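Peer 1: Input: one structure, supplied below.
The values are calculated or read from the model by the stated rules, or taken from the named source; none is laboratory data. No experiment lies behind these values; they were computed from the predicted model shown. Cβ sites come from the backbone with ideal geometry, for glycine too, and all protein chains shown count toward neighbours.
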Ligand SMILES: [Zn+2]
């Protein structure tokens, strides 16, 4: 196995190169795929779906949703990605395999940006030319250390005219090995447990966190109509008043819904994490964690009690436990 320096030199040798032959759309732009796409994303714009309405519009006929641009040339699930054996089918597969061989086995898409030159119409034949745009230096992320790989797609029509472009970025990473090491080491590293990601705090909600730090779970209350609301926000949704104060919640609630998080393992959490929606007895709902409870013992509607606890050196949170 090459050193990190050798690996990074090899990675940079890909930048600027095409991943392989252009991707040619299997089918021309067509109404059937447009209809399925619109149904899938819930888009009812008649210029995509209704010939008469489209003909009367500025488009003078059916057009495809611009965000479908990369769908036309997408290879199916039999594409190289799912095959781990045999010769790499293009340089993208080759690059990913190189990183996998060095332990960077995880992959996650992180960014996508598109630019459009014109609307696509039924009958257009799209091809995509794909180039490695950049490969980052090694980065530390909550998923693990890894490299961001950005590819630039240029889409052209049957006349070779550019119709749009797309920047697509993935993170190829070594899955959460640091987090595993902490978990496996148990008590010895407990003191070095990393902090949880901080909640966003600003003008409209920092008072709520200040109350938590004072040991109080508070609920915002409209002083005009008395309606309680959470999360904190400047205006009453019932009467539009900007006047408010707050009450202290009892901490009694019931489990409205929950999910159990196993992966990816973010630093600072003890897995599995029970993420819960809790209906407070005062009537508002709160996102929180249920602790000291096996996930299989969770029941919708079960009574819960909050207590405000330190989760690390600096942060306190309201956490819920089942009422036995
Ligand atoms: Zn109100």
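Peer 1: From 311, 290, grab the single residue that is modelled with pLDDT under 95 and surrounded by 17 or more Cβ atoms within 10 Å (Cβ to Cβ).
Peer 2: Going through 311, 290 in turn, the sole match is 311.
Peer 1: So, one more: Name every residue in region 212-228 that is free of Cβ contacts under 8 Å to residues at least 24 places away in the same chain and in contact with a strand residue (DSSP E or B) (Cβ under 8 Å, 6 or more places away or on another chain), in order of residue number. Reasoning before the result, please.
Peer 2: Just the residues of region 212-228 that are free of Cβ contacts under 8 Å to residues at least 24 places away in the same chain, to begin with: 214, 222-227.
If the condition is that a residue be free of Cβ contacts under 8 Å to residues at least 24 places away in the same chain and in contact with a strand residue (DSSP E or B) (Cβ under 8 Å, 6 or more places away or on another chain), then 222, 223, 227 are the ones that fit.
Peer 1: For region 70-85, indicate whether the set of residues that are surrounded by 13 or more Cβ atoms within 10 Å (Cβ to Cβ), modelled with pLDDT of 90 or more and in a helix (DSSP H, G or I) is non-empty.
Peer 2: Among the residues of region 70-85, at least one is surrounded by 13 or more Cβ atoms within 10 Å (Cβ to Cβ), modelled with pLDDT of 90 or more and in a helix (DSSP H, G or I), which makes the answer yes.
Peer 1: From 314, 296, which residue is more than 16 Å from the ligand (Cβ to nearest atom), without any contact (Cβ under 8 Å) to a residue 12 or more places away in the chain and either touching a helix residue (DSSP H, G or I) at 6+ places or on another chain (Cβ under 9 Å) or not in a strand (DSSP E or B) (or both)?
Peer 2: Details: 314 fails: without any contact (Cβ under 8 Å) to a residue 12 or more places away in the chain.
Being more than 16 Å from the ligand (Cβ to nearest atom), without any contact (Cβ under 8 Å) to a residue 12 or more places away in the chain and either touching a helix residue (DSSP H, G or I) at 6+ places or on another chain (Cβ under 9 Å) or not in a strand (DSSP E or B) (or both) holds for just one of 314, 296, which is 296.
Peer 1: Touching a strand residue (DSSP E or B) at 6+ places or on another chain (Cβ under 6 Å), surrounded by fewer than 18 Cβ atoms within 10 Å (Cβ to Cβ) and not in a strand (DSSP E or B): does that describe residue 301?
Peer 2: Working: touching a strand residue (DSSP E or B) at 6+ places or on another chain (Cβ under 6 Å): yes; surrounded by fewer than 18 Cβ atoms within 10 Å (Cβ to Cβ): yes; not in a strand (DSSP E or B): yes.
In short, yes.
Peer 1: Specify which of the listed residues (283, 268) is within 16 Å of the ligand (Cβ to nearest atom), surrounded by fewer than 18 Cβ atoms within 10 Å (Cβ to Cβ) and assigned by TED's automatic domain parsing to the domain that holds residue 211. Before the answer, list the steps.
Peer 2: Details: 268 fails: within 16 Å of the ligand (Cβ to nearest atom).
Testing whether each residue is within 16 Å of the ligand (Cβ to nearest atom), surrounded by fewer than 18 Cβ atoms within 10 Å (Cβ to Cβ) and assigned by TED's automatic domain parsing to the domain that holds residue 211 leaves just 283.
Peer 1: Could you list, in sequence order, the residues of region 225-249 that are more than 9 Å from the ligand (Cβ to nearest atom) and either closer than 23 Å to residue 307 by Cα or surrounded by 12 or more Cβ atoms within 10 Å (Cβ to Cβ) (or both)? It would help to see each step written out before you state the result.
Peer 2: Taking region 225-249 first, the residues more than 9 Å from the ligand (Cβ to nearest atom) are 228, 230-234, 242, 245-249.
Matches in region 225-249: 228, 230, 231, 232, 233, 245, 246, 247, 248, 249.
Peer 1: Here's a follow-up. Within region 212-224, work out how many residues are closer than 24 Å to residue 278 by Cβ and within 12 Å of the ligand (Cβ to nearest atom). Working first, answer last.
Peer 2: Our first condition is that a residue be closer than 24 Å to residue 278 by Cβ; within region 212-224, this holds for 212-222.
The next check asks that each one be within 12 Å of the ligand (Cβ to nearest atom); those that pass are 220-222.
So the answer is 3.
Peer 1: Oh, and also: Restricting the search to region 1-42, which residues are more than 26 Å from residue 89 (Cβ to Cβ) and exposed (fewer than 14 other Cβ atoms within 10 Å of the Cβ)?
Peer 2: Within region 1-42, 3, 4, 5, 31, 32, 35, 36, 39, 40, 41, 42 meet the criteria.
Peer 1: Here are the criteria: (1) out of contact with any helix residue (DSSP H, G or I) (no Cβ under 6 Å at 6 or more places or on another chain); (2) under 30 Å from residue 297 (Cα atoms); (3) exposed (fewer than 15 other Cβ atoms within 10 Å of the Cβ). Tell me which single one residue 258 does not satisfy.
Peer 2: (3)
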